[in-house]
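Reviewing the structure listed below.
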Amino acid sequence: MQDIKIAIIGLGYVGLPLARLFATKYSVVGFDINQKRIKELRSGVDSTLEVEDDILQSVLKDSSNTDIGLFCSSDLKDIEGCNYYVVTVPTPVDKNNRPDLTPLYKSSETVGKVLKKGDIVIYESTVYPGVTEEECIPVLENVSGLTFNKDFYAGYSPERINPGDKKHTVEKILKVTAGSTPEIGKKVDDLYASVITAGTHLAPTIKVAEAAKVIENSQRDINIAFVNELAKIFNLMNIDTNDVLEAAGTKWNFLPFKPGLVGGHCIGVDPYYLAQRAQEFGYHPEIILAGRRLNDSMGQYVASEVVKLMVQQDIRIKGANVLVLGITFKENCPDVRNTKAVDVINHLKDFGTKVTIYDPWANPEEVRHEYNLETTVDLPNQKFDAVVLTVAHKEYLDVNLKSLLETNGVLYDVKGILKEEVHGRL
C-alpha cells in the first residue's frame, strides 16, 4: 500500500481528524474551499478543537509531493496526483427538513475534475441508501468523462465522529466499509483497517453501509423522543424524570437515554434523510417522523415551562431578563450546527423577554452569521429573572448560578446536571 496518496475533501469535524490519522501512514492532501480554514490549519491550529494543536503540527508537511504527512490546500492542483479521494462534506437539511445534497454535488464536481483511471472515490457523508451510486457517481462520470466500475471506482465508509469526545476518537471507533465491487470493497476495507485500531466491518454493498449509518442516529433519535415524552408526562405528575430513569436503569437491559434538546449535524438531521427515501418508495415512516416532531418541539416546550415558572414567581414576562447558558449543539464543543438551543432562545424572545446568551465555547462571529444572535464568552455581571441551562458545558458547574438570580428568579436545568436546587428541569 506504499503507492497510496489520499485526498480528504472537506476539513471540518469529520475530515480533519481522518486526515490527521491517515497522515500518520500515508501522503495526505487535505482540501477545503475555505481559505481561512486552510490558513488556520497550516499554522497548526484547529478551531474546531477536534485535533489538538501539537498532534496536528506533528503530521503537517510543506508540500503535497513529499512522503508521509498532511498538506492542507484550497488549490485543486494539489490533489491531482492522489488515487484515493475521501469526501467528508456535511449533509444538512433545508428549512423544510428536506435533504440538501448540494455540498455532495459540489465536492463530486471537484473530484471529477481531477479523477483518473484506477482512482477510488470514498464517501463518508451521512446519506440515505442510494445517494452514492445514484446521485454522486453520475456527477463524477459527467465531469470526468470516465466510466464507473471500469475506469474509476467508489466506496462508502460512514463517519462515526462524535464532536468533543476525546475518548472515542476516530481510530477507536469500529468503521463500516463498502466498495462498488467486491475487489474494491476489500481495498477500501484494507485502507481503513491500516489505521483504525478498533477494526472494520466490510458491508456487502454500498447501500447496506449507507443504510446502517442512517439508522444508527435514527434509532437514538427515537429513543430520546421517548424519554422526552416521558419527561412531559412526569412533569405533569410532579415526578422527577431523572429519578424515574435512575430507578428504571437498575434493570440490566434498560437503555440509558435522557431527555434533552436533540440537534447537531447527525441525530437531528439523519432521520429526515431516511424518511424522504422511504416516502419515495411509497411508505410513510410514522415512528421516525413522530420522533422527529416530538424532539423538534422541545425548544418551545422548555421556553413555555420557564415562562410558567416565572409567572408563578410573579415575574413580569415582557421585558424580563433571561440568561441562557449554552448555544452549541452539545457540551464542551464549539459546534453550533443545527443547535436546538436556538429554539429555546427564539421562543423565549417570542414571549417578550430579553435574552442574554453566555457560551464560552461558541464563536460569537459564527453564531451571529448562522442565527443572527449575539453571544458572549464572558459571564455577565448582572442579575436575571431567569437562568436557563441548555448545554452542559463544564464551566457552568463552577458558577454559583443562584447568585445570578434576582430574589424571585427562576433556575431551569434542561440537562439535569446541576447539583443545587432548581425550580424546574426536564
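The values are calculated or read from the model by the stated rules, or taken from the named source; none is laboratory data. This one's a predicted model, so the numbers in the text were calculated from it and none came from an experiment. As a convention, Cβ positions derive from the backbone with ideal geometry for all residues, glycine included, and neighbour counts pool all protein chains shown. Accessible surface is based on the protein model in full, side chains and every heavy atom, while ligands, DNA and RNA are left aside. Shrake-Rupley method; radii C 1.70, N 1.55, O 1.52, S 1.80 Å.
Structure summary
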{"item": "Residue in region 315-328 that is surrounded by fewer than 21 Cβ atoms within 10 Å (Cβ to Cβ) and under 30 Å from PRO90 (Cβ atoms) present", "result": "no"}
{"item": "Residue within region 202-215 that is open to solvent by less than 30 Å² (accessible area, probe 1.4 Å) and among the polar types (S, T, N, Q) present", "result": "no"}
{"item": "Of residues in region 401-426 being outside any strand (DSSP E or B) and over 24 Å from PRO259 (Cα atoms), the one least open to solvent (accessible area, probe 1.4 Å)", "result": "LEU404"}
{"item": "Residue within region 345-363 that is in a helix (DSSP H, G or I), closer than 16 Å to ASP413 by Cα and open to solvent by 50 Å² or more (accessible area, probe 1.4 Å) present", "result": "no"}
{"item": "Extreme residue, most open to solvent (accessible area, probe 1.4 Å), among residues of region 372-400 that are of a type outside the set (Asp, Glu) and free of Cβ contacts under 8 Å to residues at least 40 places away in the same chain", "result": "ASN381"}
{"item": "Count - residues of region 1-14 that are open to solvent by less than 10 Å² (accessible area, probe 1.4 Å) and either closer than 16 Å to GLY155 by Cα or modelled with pLDDT under 95 (or both)", "result": "4"}
{"item": "Residue in region 165-179 that is within 25 Å of the chain's Cα centre (by Cα), surrounded by 14 or more Cβ atoms within 10 Å (Cβ to Cβ) and part of a helix (DSSP H, G or I) present", "result": "yes"}
{"item": "Checking GLU246 against (1) assigned to a helix (DSSP H, G or I); (2) surrounded by fewer than 21 Cβ atoms within 10 Å (Cβ to Cβ); (3) in contact (Cβ under 8 Å) with a residue 60 or more places away in the chain, the condition it does not meet", "result": "(3)"}
{"item": "Test: residue in region 378-400 that is touching a Phe, Trp or Tyr at 6+ places or on another chain (Cβ under 8 Å), of a type in the set (Val, Ile, Thr), outside any helix (DSSP H, G or I) and over 30 Å from MET237 (Cα atoms)", "result": "no"}
{"item": "Failed condition for LEU274, given (1) open to solvent by 10 Å² or more (accessible area, probe 1.4 Å); (2) within 23 Å of THR132 (Cα to Cα); (3) without any contact (Cβ under 8 Å) to a residue 60 or more places away in the chain", "result": "(3)"}
{"item": "Among the candidates ILE222, ILE233, residue that is under 17 Å from LEU289 (Cα atoms), assigned to a helix (DSSP H, G or I) and open to solvent by 40 Å² or more (accessible area, probe 1.4 Å)", "result": "ILE222"}
{"item": "Subset tally (residues that are among the β-branched types (Val, Ile, Thr) and modelled with pLDDT of 95 or more) for region 329-353", "result": "4"}
{"item": "Residue pairs meeting the criteria (Cβ under 7 Å; at least 6 apart or on separate chains; first within 15 Å of GLY12 (Cβ to Cβ), in region 161-172; second among the polar types (S, T, N, Q) and open to solvent by less than 90 Å² (accessible area, probe 1.4 Å))", "result": "GLY164/ASN332"}
{"item": "Selection status of VAL195, surrounded by fewer than 20 Cβ atoms within 10 Å (Cβ to Cβ), at pLDDT 95 or above and closer than 17 Å to GLY15 by Cα", "result": "yes"}
{"item": "Boolean, GLY81 is at pLDDT 95 or above, open to solvent by 20 Å² or more (accessible area, probe 1.4 Å) and over 30 Å from PRO285 (Cβ atoms)", "result": "no"}
{"item": "In region 148-164, the residues that are surrounded by fewer than 22 Cβ atoms within 10 Å (Cβ to Cβ) and among the aromatic types (Phe, Trp, Tyr)", "result": "PHE148, TYR153"}
{"item": "Tally, over region 53-85, of residues that are among the charged types (D, E, K, R) and assigned to a loop (DSSP other than H, G, I, E, B)", "result": "5"}
{"item": "Which numbered condition GLY69 fails, given (1) on the phi > 0 side of the Ramachandran plot; (2) in contact with a Gly (Cβ under 7 Å, 6 or more places away or on another chain)", "result": "(2)"}
{"item": "Residues that are open to solvent by 20 Å² or more (accessible area, probe 1.4 Å) and under 26 Å from PRO158 (Cβ atoms), drawn from region 53-67", "result": "ILE55"}
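Yes/no matrix, rows are residues, columns are (1) open to solvent by 40 Å² or more (accessible area, probe 1.4 Å); (2) among the aromatic types (Phe, Trp, Tyr):
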position: LEU104; (1), (2): no, no
position: GLU109; (1), (2): yes, no
position: ASP119; (1), (2): no, no
position: SER125; (1), (2): no, no
position: TYR128; (1), (2): no, yes
position: LEU146; (1), (2): no, no
